1. Can you give me the Cα centroid spacing of the stretch 88-103 and the stretch 1-41 in angstrom?
2. Tell me the angle of helix 85-102 to the major Cα principal axis of the chain, expressed in degrees between 0 and 90 and rounded to the nearest ten.
3. Given R₀ = 30 Å, what would the calculated FRET efficiency be for Arg48 paired with Tyr24, taking r from the Cβ atoms and rounding to 0.05?
4. Once both axes come from the Cα atoms, what is the angle between helix 43-81 and the longest principal axis of the chain, in degrees from 0 to 90, rounded to 10?
5. Indicate the gyration tensor shape class of the stretch 1-85 (rounded, prolate or oblate), computed on the Cα atoms with a ≥ b ≥ c the square roots of the eigenvalues: a/c under 1.5 is rounded; otherwise a/b larger than b/c is prolate and the rest oblate.
6. When the chain is fully extended, how far beyond the present Cα-Cα distance does Ile97 get from Glu3, taking 0.36 nm per residue of separation?
7. Can you list which of the trypsin sites (Lys or Arg not before Pro) found in the stretch 1-63 are DSSP loop residues with at most 15 other C-beta atoms within 10 Å?
8. Which length gain, in nm to one decimal place, applies between Leu40 and Leu59 when the Cα-Cα distance is subtracted from 0.36 nm times their residue separation?
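Each value in this text was obtained by applying a stated rule to the coordinates, not by laboratory testing. Here the structure is a predicted model, which is why all the values come from computation and not from measurement. Cβ atoms come from the backbone with ideal geometry, glycine included; neighbour counts cover every protein chain shown.
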Amino acid sequence: MGEDRERTEERERMEKLMARLESYLLSLEQMRLKEYIHYLGDRRRLMRSHFLGGVARGLGMAVGFTILGAILVLVLQRLASRNLPVIGDFLAQIVSIVQRRLE
């Protein structure tokens, strides 16, 4: 009788282990691990993907800095046009330095 109980407990443990293993395998399939490993193995595809991502990030930064720079120049021009005593002189110096550098 003791052996039957041990076998039953062992069988239950094995069933629980199999159920857990199946859930892990299902999770791996849902993560699409096979496709990801294939992607990492394809060097050309990986390099092309990273290159295009880098170009897109660089282009985005360039456009973003251009827009922010334009906004900053507009704000500085409006502040300079108001003839504020301290800020106006400082901004006028900055504008003259930038104009000299552009020439």
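1. With the stretch 88-103 and the stretch 1-41 each reduced to a Cα centre, they are spaced 71 Å.
2. For 85-102 against the chain, the angle is about 80 degrees.
3. Efficiency for this residue pair is about 0.35.
4. It works out to around 30 degrees.
5. Working: a/c = 10.57, a/b = 2.92, b/c = 3.62.
Taking the square roots of the gyration eigenvalues as a ≥ b ≥ c, the stretch 1-85 is oblate.
6. On the way: separation 94, 0.36 × 94 = 33.84 nm, distance 9.41 nm.
Going from the current span to full extension adds 24.4 nm.
7. Details: sites: Arg5, Arg7, Arg11, Arg13, Lys16, Arg20, Arg32, Lys34, Arg43, Arg44, Arg45, Arg48, Arg57; in loops: Arg32.
In loop regions of the stretch 1-63 (DSSP not H, G, I, E or B), the sparsely surrounded trypsin sites (Lys or Arg not before Pro) are Arg32.
8. Numbers: separation 19, 0.36 × 19 = 6.84 nm, distance 2.54 nm.
Stretched out fully, the Leu40 to Leu59 stretch lengthens by 4.3 nm.
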